[in-house]
Amino acid sequence: MTADRNVAAHNHTHEHAHEIEPVPGEIVRVSCVRHSYDDGTSVHLCGLDFVATRGQRIAVLGPNGAGKTTMLYHILGLLRAQEGIVRVFGVDPSEEWPAIRKRIGVVLQNVDEQILAPTVADDVGFSPRQYGLSEAEVALRVDRALALMGIEELRDRVPHNLSGGEKRKVAMAGALVMEPELLVLDEPFEGLDPAARTMMGKLLRELAAGGTTVVMSTHDIDSVPEMADYAYVMGPDGHIALSGTPAEVFSSADILAAGNIRPPVLAELFMRLRQSDPDAPEPALGVAEAAEALLKWRG
Amino acid sequence: MSHIHIPDGVLPLWLWGAGWLLTLALVVIAGKVAERHEMRRKVPLLGVIAALMLVAMSSEIVPLAYHINLTVVGGILLGPVLSVIVAFIVQVVLALLGHGGVTVIGLNTLITGAEMVLGWALFHMLVSMLSRRRAGLAAGIATVLTLALTTTMLVGIVWLGGSGATGRETGALDPADLKFENPFATGVFSVGLFSGGEEHADETDPAADEHAQEPTLSVGRFAAVVYTLGPLGWLIEALVTAGIVGYVARVRPTLILSGALAEKQRRIPGDEAGGL
Amino acid sequence: MHIGAVDQAATLGTSWLHRSWPIAKLVAFALVLAAAMVTWNLLVLLGIVVLLSAAIVSSRVKPGLAFTLAAYPAFFAAVFALASAPDVLSGFVIVLKALAAGLAAVTVALTTPYPQIFAPVQRVVPGIVGDALLMTYRSTFLLLDKFANLMTAVRLRSGVSVGQPVRAARATTQALGGLLLYSFDLSQRDYDIMRVRGYQDRLRVAVHPSTSRAADAVLVATTLAALATSLLWRIAADSLNPYSWLVPIPALFALLAALVSSRRKS
């Protein structure tokens, strides 16, 4: 099966919103959204529709300035689409944010700006407290979130003094404290050491297995095969050029190159092998699978 | 500094109490006006502008050990209503960190708020006279005028508070007759604590006249000091303000020329309901 | 601005003062402030200053930090006194009043996390004012860091030094201009974050409960006694002034006890 490729065919506009039926389990849909900034630049998130369903882990890839963060902001209702459709839990998030906000957890790229309280425990408890939960319930949820992220020992620390990786874990705990159905992450692996990255990957896998949908934008290409079930690739001008499983996406060398995206190291290795020898094995994106494939090929 | 903060304990209760009452009234009114106009989304902006002013006050212009306040810059960005709120916040935080008086938060807020509001008004008036391209110059001139006016306000406050406070009335110790009596030798109850005292000064005693004419705070000397040192501070503040406003007017003119309520800013959809 | 050190001291301390109810501390603060404002008696003021020093020592915060912070209002008071005090004694009284008020404020600031100080205030002022008060503290941290980074970049790129005041002033001004733009964008991002994390009509902060009613009672009673003493020495100044030397003595004992106790614990 090849990845979907489209540049112009799926051009939905706002007038046709009512014609787009949600797919089963659909949590998020972004369809041909246009947004213009004050400085005159604009982003046109067209091409393929972006769809996230229940329990999926989706990576959004693209060069700097492609519009990844703009798309995430539309999903969070922080921007209103001038054209196109944005649907989260069946509603327009920019119009009906209060109806859906408790179901969404967010970690944005700059975690320093995300931390709002003087201690880690206070910060993780920010959301439940704002939603009016009792102090007992807040304490319970905070304990659970800290345990989930493995940062109980940071409970009474001042977030300002933590390392970048620790702050990211605190921000993640703050996003998970309300047990969201949708998790939106902007560069979730930035500042994390390999052990923390592995831990985060395992956590996202468990969350997805429990039905949480994860949408993340990332530059960390090498992590994508392990961290995501599905990937969307945005071109430099914002249009969604490619979607599919990581294996499908990383086999489309020409589209990746046009988007200035380097495929994962293993994908690149197998591509070069196949260029020299058509009998070389199909790309394997995991280390264990790659070793097995190479050994089999070697005979 | 561009103005002297009045320390605690110098001014009479009626004066700093009135300052507090007036400030609280203005802050409550400003808060209600802001909420009525759905400025809830401005809460972080108030926080960062107040923080910016606090950061500016902590940064020294080398090598004079002088700190600026950015009150006029803050006023230009926020407009009059939000300026009142930020002036109050800045004074409260300064008092908490030991940088300003506590009882005089009200009066200091009135001075800071006046600087911000006057600065805003004078800036817009001067820009309309001088043109937008001279925004930096307009801001500089507005700063000098504003600080001159608020310094006069400060002198006025000290003048209001400087009269009527004498040593005898305020229970001050007079070193001329400082003594260390033993309450157990003379007997506590015989001291006259409850009887009105044995040691009232004789009203025909010439020394009593002297005490009755004890000098008060020297408003004249205070005014001489602030008007001598003040202009240097006004000039520095004006230069810095002109520099900052000129820079921002080139890079992001809507911020300076339309203020924080410029329509072009990104509005968060859904906030129009006044808090969700 | 020692805001980082203040925040650290307030959040991480474990002394009896840190554990006291924030509202009891605010009440005590108001009482001791009133005591300092009411009196013009040098020895009574000295007693108040010594009492506050005892509180600081017993809270086990760094005395250097506390007294440095309180020295600021004392310094400015000295300038004010030089400019306007009628005589030397009045000048000293002006300085001591400012010092006492400053010590009282920093005692609260160093033993109470910022949101705990303003959560009670937030309930009585308009929502936007209370919320902005709470946001200011956090924003100050971010801007101080950003400003420090900007100044480092400016110094590295422009090579300014103490011997070049005009250049240094120009560089600082440019850095402040950049900081202003950053601040404005930061405020927008702050609102985004607050909104997605649940902020609606008011920032909700939980006030820490009292951990020891006895400690709270001692705190309030002591400061009430300080106010009573100030009032007494003011009302009956003629009779009581000769006995003013007695007032600092209990405070000195308290300070001694605090010093001994802190030595023992360290």
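Coordinate-derived values only; no laboratory data. Since this is a predicted model, take the numbers as computed values, not measurements. Heads up, the Cβs are rebuilt from the backbone with ideal geometry, glycines too, and the neighbour counts pull from every protein chain shown.
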Legend entry - Global geometry of segment A:207-282, whether rounded, prolate or oblate, following the gyration tensor of its Cα atoms and the 1.5 cut on a/c: oblate
Legend entry - Per-residue [θ]222 nm for the protein assembly as shown (sum of -39500 (n - 2.57) over DSSP H runs n ≥ 4, rounded to 500): -19000 deg cm²/dmol
Legend entry - Dipole axis of the protein assembly as shown (+1 Lys, Arg; -1 Asp, Glu on Cβ), positive-most option in B:12, B:77, C:36: B:77
Inset, instruction - Rounded, prolate or oblate: pick one for segment B:1-149, where a ≥ b ≥ c are the square roots of the eigenvalues of its C-alpha gyration tensor, a/c under 1.5 means rounded, and failing that, prolate if a/b is larger than b/c, else oblate. - result: oblate
Legend entry - Among A:36, B:51, C:50 the positive-end extreme of the charge dipole of the protein assembly as shown (Cβ point charges): A:36
Inset, instruction - Could you tell me how many degrees, from 0 to 90 and to the nearest 10, lie between the Cα long axis of helix C:127-158 and the main elongation axis, the longest principal axis, of the Cα atoms of chain C? - result: 60 degrees
Inset, instruction - Just rank A:119, C:223, fewest to most, by other beta-carbon atoms within 10 angstrom. - result: A:119, C:223
Legend entry - Cα-centre dipole for segment C:41-176 with unit charges at Cβ (Lys and Arg positive, Asp and Glu negative), debye to 20: 500 debye
Inset, instruction - Return the distance in nm (one decimal) between the two label points of a simple spin-label model at residue B:13 and residue C:185, each offset 7 Å from Cα along Cα→Cβ. - result: 5.3 nm
Legend entry - GNM top mover of C:44, C:106, C:196 - chain C, alpha-carbon springs below 10 Å: C:196
Inset, instruction - Would you mind estimating how fast chain C diffuses translationally, via Stokes-Einstein at 25 °C and 0.890 mPa s with the Kirkwood radius over Cα pairs, in µm²/s? - result: 116 µm²/s
Legend entry - Rg to Rh quotient for segment B:78-156, alpha carbon positions, Kirkwood Rh: 1.05
Legend entry - For segment A:34-146, alpha-carbon Rg relative to the globular expectation (2.2 N^0.38 Å, N residues): 1.26
Inset, instruction - Place a +1 charge on the Cβ of each Lys and Arg in the protein assembly as shown and a -1 charge on the Cβ of each Asp and Glu, then give the dipole magnitude about the Cα centre in debye, rounded to the nearest 20. - result: 740 debye
Legend entry - Other protein chain Cβ atoms within 10 Å, averaged over every residue that makes up A:123-133: 4
Inset, instruction - Scale the Cα Rg of the protein assembly as shown by the rule-of-thumb value 2.2 N^0.38 Å and send over the ratio, two decimals. - result: 1.12
Inset, instruction - Could you tell me which of rounded, prolate or oblate describes chain A, using a ≥ b ≥ c as the square roots of the eigenvalues of the alpha-carbon gyration tensor, with rounded for a/c under 1.5 and, failing that, prolate when a/b is larger than b/c and oblate otherwise? - result: oblate
Inset, instruction - Report Rg/Rh for segment A:115-154, rounded to two decimals, where Rg is the Cα radius of gyration and Rh the Kirkwood radius. - result: 0.94
Legend entry - Nitroxide proxy distance, nm - points 7 Å out along Cα→Cβ at residue C:212 and residue B:29: 4.7 nm
Inset, instruction - Treating only the Cβ atoms of Lys and Arg (+1) and Asp and Glu (-1) as charged, compute the dipole magnitude of segment C:183-266 about its Cα centre; round to the nearest 20 debye. - result: 380 debye
Legend entry - Within a Gaussian network of chain A (alpha carbon springs, distance under 10 Å), most fluctuating of A:185, A:78, A:204: A:78
Inset, instruction - Please sort by residue number the GluC sites (Glu not before Pro) in segment A:94-136 whose DSSP state is loop and whose Cβ has at most 13 other Cβ atoms within 10 Å. - result: A:95
Inset, instruction - Work from the charge dipole of chain A (Cβ charges, +1 for Lys and Arg, -1 for Asp and Glu, about the Cα centre) and give the residue of A:260, A:235, A:208 farthest towards its positive end. - result: A:208
Legend entry - Computed FRET value (nearest 0.05) for residue C:92 with residue C:245, which takes r as the C-beta separation and R₀ as 25 Å: 0.95
Inset, instruction - Can you tell me the relative contact order of chain A? Whole percent, Cα pairs under 8 Å, sequence separation 6 or more. - result: 24 percent
